[in-house]
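Since the structure comes first, as structure tokens, the remarks are kept for the end.
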Amino acid sequence: MRRLVPLTAALVLLLVAAAPAAVKAPKARATATGYGGAAASVDPYATKAAIDVLRHGGNAVDAAIAAAGVLGVVEPYSSGIGGGGFMVIRTANGKTDTIDGREFAPEAFKADSFVDPATGQPISFEEGVTSGLGVGVPGTLRTWETALARHGTRSLARVLQPGIRVARQGFKVDETLQTQTEDNAERFADFPATAKIYLPGGKPIKAGSVLKNPDLAKTYALIAKRGATRGFYRGAVAGDIVETVKAPPLRAGATRTVRPGLMSTKDLAAYRTVRRPPAKTAYRGYTVLGMRPPSSGGTTVEEALNILEAFGAPAATTAAELHRYLEASRLAYADRGLYLGDPAFTNVPLKCLLSQAFADRRQKLIGPRAATSPVAAGDCGNPGGVPRRASSGREGPNTTHLTVADRRGNVVSYTFTIEQIGGSGMVVPGRGFLLNNELTDFDFTTGKANSPAPRKRPRSSIAPTLVTKGRRTVLALGSPGGASIITTVLQILVDRFERGMTLPQAIADPRLSERNSATTEAEPAFLASPAAAALMALGHRFTSVEEIGATTGIELERHGRLQAAAEPTRRGGGSAMVVRRRRR
């Protein structure tokens, strides 16, 4: 990849000042096929930002971070610089790089920090969500900085310009953002800095209105000028983050209990991303690559694929294939709960979990009828010598995912989040961004693989995924959805490679999610299908949920042809674009 092209502070200010008076809403399409590069995200503003970078010579990493910066503006309840995430990069020379930008717990955070000293019991999950206590040290900006330093051709200052422009000029609010605001209006109203942006005049923002965030534009511009370290992880912004966490800025007269957090400026200054080898497995003649722990996404998807591989050929009927998929998920989630956590604190037996021999043993437990959950985890030994207890933990569904490929063959699959819809609910006053509540991904009790500890990263289900054949990348995908991210990615791979669907068909397919629970979550369209009745006859029980996941992906075909795909309807529909429709 080419060297970084810097952008001077003077040019940053000139571009901000000279920006046009309005940002036109791009047209959203769920599928696009063409050449020269492709991008897919949940929002057309972000996808267009990526395509603009590709058209002007930037590579996939440059484009992905430009899109991510825009998503922090237009999808603020799911993403932004107040959170973290995981990125998988495949370079044109066939090398895979994964960046762990997961938030970590402050140094002062202890195993019992979620335990109320007055009662000796864990605080409620809801109380953890809207608090300073649930805020992890953000990793998003370090992720962008790391990716650009290793693989980018543009400076951070330059790729932040689309986000600065959209934040300053505003964007058109969609129905999803309006609904999410309405659902959180009571919570947001308790924090004046949050209400100022998202409850103008005391009312939730409305679809079709133009929303501006000048404070966030200024924060982005400061970061563009000073860099991630001096513009965010040290200095005035860092001080404001810590003040917000330690003394949550409630409105006068608010009765909500909002626990203070434990973050310090030293925690922010100490934050670093972690470079990890990708999780990897062979599947149907392909190689599947994803994140290692503390994300449970890559390893759990891959274990389930290994279990399916043990069946040999795909099943003869849709119901039989989906039965296998559900049972493989059930078993893989049991192993996830017992073994997976931050590898710096927990002995994670990855070699065992991803071995085909282990998968073959697990596959033998799948019978003609549905198992009764919870099923037990498999035996991968106990090399740490400490008795294990399964972790539960609850993850918010409102994350975001973007996928980018350039004409050279570089590919990025990136999932990032602030956890619940609206994260902690707290905008840092004067800075324009919401803080995460990622520490609620820890188990609130002690003594488990995913229990809290100082500087520990909570377990995640984020699963940015690449599929390769030889040195060539053939597919990149990922999804939001909390713990259902894993099943969403897994089902799309099953649909694509076991059932022969195209990528757009696999993304549109009605979803179901089994996570070693008594009932399987399923979308209404699936419950109305003949396959649902066939599975119920096999003992499967279902709970209806409105929607599961919000996937984006890119399939890289022969001769430079790319197919970008996003959701046609989920979360209001996504956005897929290509640099050009026809081959030159």
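The values are calculated or read from the model by the stated rules, or taken from the named source; none is laboratory data. What you see is a predicted model; the values in this text were computed from it and never measured. As a convention, Cβ positions derive from the backbone with ideal geometry for all residues, glycine included, and neighbour counts pool all protein chains shown. Side chains included, ligands, DNA and RNA excluded: accessible areas come from the protein's heavy atoms. Shrake-Rupley method; radii C 1.70, N 1.55, O 1.52, S 1.80 Å.
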Taking amide H positions as placed 1.01 Å from N in the peptide plane, with prolines and chain starts having none, which residues 5 or more places from Phe542, or on another chain, fall under 5 Å of its amide H? Thr520
Thr552's amide H: which non-local residues (gap 5+, or another chain) put their own amide H closer than 5 Å, with H modeled 1.01 Å from N in plane and none for Pro or chain starts? Gly478
Per residue, how large is the accessible surface of the range 245-319? Use a 1.4 angstrom probe and give square angstrom. 41 Å²
Overall Cα dimensions of the range 178-235 - principal axes, largest extent first, Å: 36, 24, 17
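Normalised by the residues of the range 239-350, what does the relative contact order come to in percent, with Cα pairs under 8 Å and at least six apart? Write out the running numbers ahead of the final one.
Details: 96 pairs, mean separation 20.2, N = 112.
So the answer I get is 18 percent.
Across the range 449-506, how large is the tail of the calculated P(r) beyond 20 Å, expressed as a percent of all Cα pairs? Don't skip to the answer; put the middle values down first.
On the way: 653 of 1653 pairs.
Every Cα pair in the range 449-506 considered, those over 20 Å come to 40 percent.
Any number yet on Rg/Rh for the range 440-581, C-alpha, Kirkwood? Write out the running numbers ahead of the final one.
Working: Rg = 17.5 Å, Rh = 17.0 Å.
Rounded to two decimals, Rg over Rh is 1.03.
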If you put +1 on each Lys and Arg Cβ and -1 on each Asp and Glu Cβ, how big is the dipole of the chain around its Cα centre, in Debye rounded to 20? 2440 debye
Built amide H within the under 5 Å cut-off of Gly170, gap 5+: Asn213
What Kirkwood Rh does the range 251-403 have if only Cα atoms enter the pairwise 1/r average? Answer in Å. 18.0 Å
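Over the chain, what is the relative contact order in percent, taking alpha-carbon pairs closer than 8 angstrom and at least six residues apart?
Values: 1478 pairs, mean separation 146.1, N = 584.
25 percent.
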Heads up, I need the accessible area for Arg284: 1.4 angstrom probe, whole protein in place, Å², nearest 10. 60 Å²
Protection-proxy order for peptides 176-182, 44-50, each taking the mean of Cβ atoms within 10 Å per residue, highest first: 44-50, 176-182
Whole-number accessible area per residue in Å² for the range 464-559, which is evaluated in the context of all protein chains at 1.4 Å: 34 Å²
Packing-ranked peptide list from 100-106, 577-583, 341-347, 401-407, highest mean Cβ count within 10 angstrom first, is 401-407, 100-106, 341-347, 577-583
Measure off, as a whole percent, the carbon and sulfur share of the 1.4 Å-probe accessible area of the range 427-568, all protein chains present. 52 percent
Suppose a student asked you for the relative contact order of the range 148-214, using Cα pairs under 8 Å spaced at least 6 residues apart; what percent would you report? 41 percent
Probe 1.4 Å - accessible area at Ile205, Å² to nearest ten: 10 Å²
Please report the base-10 log of the normalised intensity I(q)/I(0) for the chain, using a Debye sum with one equal scatterer per alpha carbon and no solvent, at each q in 0.08 (1/Å). -0.49
Based on the alpha-carbon set only, what is the convex hull volume of the range 44-155 divided per residue, in Å³? 128 Å³
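Assigning unit charges at the beta carbon (Lys, Arg +1; Asp, Glu -1) and nothing else, what dipole magnitude in debye, to the nearest 20, does the range 233-335 show about its Cα centre?
Numbers: 14 positive and 9 negative charges, 114 e Å.
With only Lys, Arg, Asp and Glu charged at Cβ, the dipole is about 540 debye.
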Computed on Cα atoms, the radius of gyration and Dmax of the range 101-230 in angstrom are 18.4, 54
Provide the packing ranking of 365-373, 460-468, i.e. peptides ordered by the mean count of other C-beta atoms within 10 Å per residue, highest first. 460-468, 365-373
Residue-normalised accessible area of the range 40-139, expressed per residue, 1.4 Å probe, Å²: 23 Å²
Charges on Cβ only, +1 for Lys and Arg, -1 for Asp and Glu, centred on the Cα centroid of the chain; of Val545, Ser513, Thr415, which one is farthest towards the dipole's positive end? Thr415
Rg/Rh for the range 322-381: what does it come to with C-alpha atoms and Rh from Kirkwood? 0.99
Considering only protein heavy atoms, what is the solvent-accessible area of Lys95 at a probe of 1.4 Å, reported in Å² to the nearest 10? 130 Å²
